[in-house]
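The values are calculated or read from the model by the stated rules, or taken from the named source; none is laboratory data. Quick caveat: nothing in here was measured; it's all calculated off a predicted structure. Here the Cβ is made from the backbone with ideal geometry for all residues, glycine too, and neighbour counts use every protein chain on show.
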Amino acid sequence: MQLSFAQEVLKVPATKIWSLQDCITYAIENNITVKEASLNTDIAEVDYSKVQSSRLPNLFGSAAQNFANGNSIDPITSNFVTDQIYSTNVGINSSMTLFQGNQINNRIKQSKLLFEQNVFLEEQAKNDIVISLLQTYLQTLYSKEGIAIAESNLASSEKEVIRAKSRLDAGSIALNDYTEAQSQAATNKYNLITAKNTYQQYIITLKQLLELPPTENLEISDESTVLMHSEFDKMAIYNKALSFLPEIGASNTNIAVNQKELDIAKGGYLPTIALAGSIGSGYTSITDSNFTDQLNLNFNQKIGLSVSIPIFNRNITNAAVQTASINIEKAEIQKQTTVKEVYKKVETAYQNAVSSQEQVLAATASREAAMQSYKLAQKKYELGALSTTDLIVSQNTYTNAEQNFLQAKYLKILYYQLLQFYQGNDIKL
């Protein structure tokens with residue numbers, strides 16, 4: 001049975017309109033990179049719990065059934081016999097490290113630091129996705145407005161083709177003027193197709209950041225932003241960024257992790273003290289007593305304290321101490337690199353924010369002048385006082401001015417929002 005047209009319409013899912021905030025919220029929960037970073041944090045938490053348990057004693061149970069024939073030592077009575085022996089051993093044993101150069105405590109502290117470092121790295125992954133979404137979302141908005149410009153140009157050029165055809169039929173223009181109008185219309189149609197394709201490419205990138213399936217429809221909202229002149233204190237933004245960005249926290253924690261590794265390595269110079277104990281019993285076939293009686297008679301308990309003093313381990317401990325010291329220096333250098341990268345990001349955003357404000361002012365004036373010039377050219381063309389070539393030149397000048405304004409507008413929005421981000425403020429259009 002065929003569905004009615006109304007039923008077919010009802011089957012089509014409504015396209016959700018995504019705001020930038022919708023994208024950010026969804027991506028933080030679903031992006032694969034963020035999920036992977038979150039799983040690394042979970043693993044680090046499990047490792048931390050495991051290392052904490054290293055303070056506790058272990059406990060093992062054992063049971064063995066043996067058979068011996070000929071000359072042998074009874075495993076229960078320790079007598080030398082020549083016979084067939086069936087024996088059973090059962091027991092429970094436990095051991096606990098009392099002191100190991102303070103390595104256990106230092107490993108626990110190091111594991112906690114590794115967990116904290118993964119928390120920072122997870123936050124960094126989220127921040128990276130937020131910035132990628134901001135850039136892609138604004139590029140998508142920019143390309144969407146580019147489609148509107150291309151559609152307007154195509155509509156204007158198609159009207160000009162109609163006018164040119166009328167004037168050609170009336171004999172007021174030459175054939176080449178008419179073909180130039182046709183050529184411009186074809187160029188504008190090509191530009192519109194390119195603009196639509198560019199928009200779809202950015203939509204694909206957005207869908208990938210959001211981890212949406214290929215069949216999912218995605219439409220972004222036409223978010224309007226008021227372009228206001230803003231003043232920024234570059235060094236204040238930089239110092240603020242250093243105080244909260246997770247990559248700085250991860251770098252500091254990395255230094256602390258390697259310092260704990262040095263403490264662990266130095267613990268190899270100190271003795272290890274361990275406590276061990278066991279209880280057990282057994283049965284042997286060469287004794288007349290039954291199984292239960294032998295278990296009672298052979299029940300034993302042991303406890304012991306051992307001390308292991310390192311004297312020479314082929315310089316393994318020395319090498320570990322030297323390696324840990326070198327890794328501390330490497331971690332400090334990595335932090336310096338991270339700090340430089342943060343400064344570069346803030347400096348770049350600041351310089352671009354300042355220049356984009358001036359570019360918006362210049363592009364606004366240029367667009368206004370080009371628009372007035374194009375309107376005047378259209379009127380002259382309608383009156384036959386302007387050639388098709390001059391009209392096309394005027395239209396292209398206006399189109400370029402529109403594109404320059406759009407580019408300056410979205411660059412200003414981008415770098416303004418980046419500076420807000422580096423101050424710890426929410427990104428919102």
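In segment 228-245, is there at least one residue being more than 30 Å from Glu347 (Cβ to Cβ) and part of a loop (DSSP other than H, G, I, E, B)?
Taking segment 228-245 first, the residues more than 30 Å from Glu347 (Cβ to Cβ) are none.
No: segment 228-245 contains no residue that is more than 30 Å from Glu347 (Cβ to Cβ) and part of a loop (DSSP other than H, G, I, E, B).
Kindly evaluate Ala181 against the criterion of being at pLDDT below 95, in a helix (DSSP H, G or I) and touching a helix residue (DSSP H, G or I) at 6+ places or on another chain (Cβ under 7 Å).
Details: at pLDDT below 95: yes; in a helix (DSSP H, G or I): yes; touching a helix residue (DSSP H, G or I) at 6+ places or on another chain (Cβ under 7 Å): yes.
Criteria met by Ala181.
Name the residues in segment 89-117 that are surrounded by fewer than 19 Cβ atoms within 10 Å (Cβ to Cβ) and among the hydroxyl-bearing types (Ser, Thr, Tyr), would you?
Ser94, Ser95, Thr97
Only residues in segment 158-178 that are closer than 18 Å to Lys379 by Cβ count as the first member; pair them with residues that are in a loop (DSSP other than H, G, I, E, B), Cβ under 9 angstrom, at least 6 apart or cross-chain, and list the lot.
Qualifying pairs under 9 Å: Ala164/Ile173; Ser166/Ser172; Arg167/Ile173; Arg167/Gly384; Ser172/Gly384; Ile173/Gly384; Ile173/Ser387; Asp177/Ser387.
If I filter segment 119-135 for residues that are crowded, with 18+ Cβ neighbours inside 10 Å, touching a strand residue (DSSP E or B) at 6+ places or on another chain (Cβ under 9 Å) and not acidic (Asp, Glu), do I get at least one hit?
No: segment 119-135 contains no residue that is crowded, with 18+ Cβ neighbours inside 10 Å, touching a strand residue (DSSP E or B) at 6+ places or on another chain (Cβ under 9 Å) and not acidic (Asp, Glu).
What is the number of the single condition among (1) farther than 27 Å from Lys412 by Cα; (2) surrounded by fewer than 13 Cβ atoms within 10 Å (Cβ to Cβ); (3) basic (Lys, Arg) that Lys335 does not meet?
Among (1) farther than 27 Å from Lys412 by Cα; (2) surrounded by fewer than 13 Cβ atoms within 10 Å (Cβ to Cβ); (3) basic (Lys, Arg), the lone unmet condition for Lys335 is (2).
Val321 passes all but one of (1) closer than 30 Å to Leu262 by Cα; (2) without any contact (Cβ under 8 Å) to a residue 12 or more places away in the chain; (3) in contact with a Lys or Arg (Cβ under 8 Å, 6 or more places away or on another chain); which number fails?
(2)
Looking at (1) of a type in the set (Phe, Trp, Tyr); (2) more than 32 Å from the chain's Cα centre (by Cα); (3) more than 30 Å from Asn89 (Cα to Cα); (4) surrounded by 15 or more Cβ atoms within 10 Å (Cβ to Cβ), which one does Tyr269 not meet, given that it meets all the others?
Result: Tyr269 fails condition (4) only.
Conditions tested, residue by residue: (1) within 24 Å of the chain's Cα centre (by Cα); (2) farther than 30 Å from Val339 by Cβ.
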{"site": "Gln184", "(1), (2)": "no, yes"}
{"site": "Tyr199", "(1), (2)": "no, yes"}
{"site": "Gln208", "(1), (2)": "yes, yes"}
{"site": "Met235", "(1), (2)": "no, no"}
{"site": "Phe244", "(1), (2)": "yes, no"}
{"site": "Asn290", "(1), (2)": "no, yes"}
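Scan segment 71-117 for residues that are among the β-branched types (Val, Ile, Thr) and more than 30 Å from Lys50 (Cα to Cα) and jot them down.
Ile73, Ile76, Thr77, Val81, Thr82, Ile85, Thr88
Please work out if Tyr202 is part of a helix (DSSP H, G or I) and in contact with a helix residue (DSSP H, G or I) (Cβ under 8 Å, 6 or more places away or on another chain).
Details: part of a helix (DSSP H, G or I): yes; in contact with a helix residue (DSSP H, G or I) (Cβ under 8 Å, 6 or more places away or on another chain): yes.
In short, yes.
Identify, from the list Glu368, Glu347, Glu332, Glu341, the residue that is over 26 Å from Ile237 (Cβ atoms) and not hydrophobic (A, V, I, L, M, F, W, C).
Working: Glu347 fails: over 26 Å from Ile237 (Cβ atoms); Glu332 fails: over 26 Å from Ile237 (Cβ atoms); Glu341 fails: over 26 Å from Ile237 (Cβ atoms).
Result: Glu368 is the single residue among Glu368, Glu347, Glu332, Glu341 that is over 26 Å from Ile237 (Cβ atoms) and not hydrophobic (A, V, I, L, M, F, W, C).
Condition check ((1) under 28 Å from Ile28 (Cα atoms); (2) out of contact with any strand residue (DSSP E or B) (no Cβ under 8 Å at 6 or more places or on another chain); (3) of a type in the set (Phe, Trp, Tyr)) across all residues:
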| site | (1), (2), (3) |
| --- | --- |
| Ser172 | no, yes, no |
| Thr187 | no, yes, no |
| Gln200 | yes, yes, no |
| Thr205 | yes, yes, no |
| Leu209 | yes, yes, no |
| Tyr238 | yes, yes, yes |
| Leu242 | yes, yes, no |
| Glu247 | yes, yes, no |
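List every residue pair whose Cβ atoms sit under 7 Å apart, with the two residues 6 or more apart in sequence or on different chains, where the first one lies in segment 97-108 and is at positive phi and the second, anywhere, is assigned to a helix (DSSP H, G or I) and surrounded by fewer than 17 Cβ atoms within 10 Å (Cβ to Cβ).
Gly101/Tyr269
Might you check whether a residue that is free of Cβ contacts under 8 Å to residues at least 24 places away in the same chain, out of contact with any strand residue (DSSP E or B) (no Cβ under 6 Å at 6 or more places or on another chain) and among the aliphatic types (A, V, I, L, M) occurs anywhere in segment 136-151?
Scanning segment 136-151 turns up at least one residue that is free of Cβ contacts under 8 Å to residues at least 24 places away in the same chain, out of contact with any strand residue (DSSP E or B) (no Cβ under 6 Å at 6 or more places or on another chain) and among the aliphatic types (A, V, I, L, M).
Looking for whichever is assigned by TED's automatic domain parsing to the domain that holds Ala236, touching a residue at least 12 places away in the same chain (Cβ under 8 Å), within 30 Å of Phe244 (Cβ to Cβ) and small (Gly, Ala, Ser) here; the options are Ala401, Ala353, Ala363. Which one fits?
Ala353
Would you check if there is a residue in segment 296-304 being surrounded by 12 or more Cβ atoms within 10 Å (Cβ to Cβ), within 26 Å of Asn69 (Cα to Cα) and in contact with a helix residue (DSSP H, G or I) (Cβ under 8 Å, 6 or more places away or on another chain)?
no
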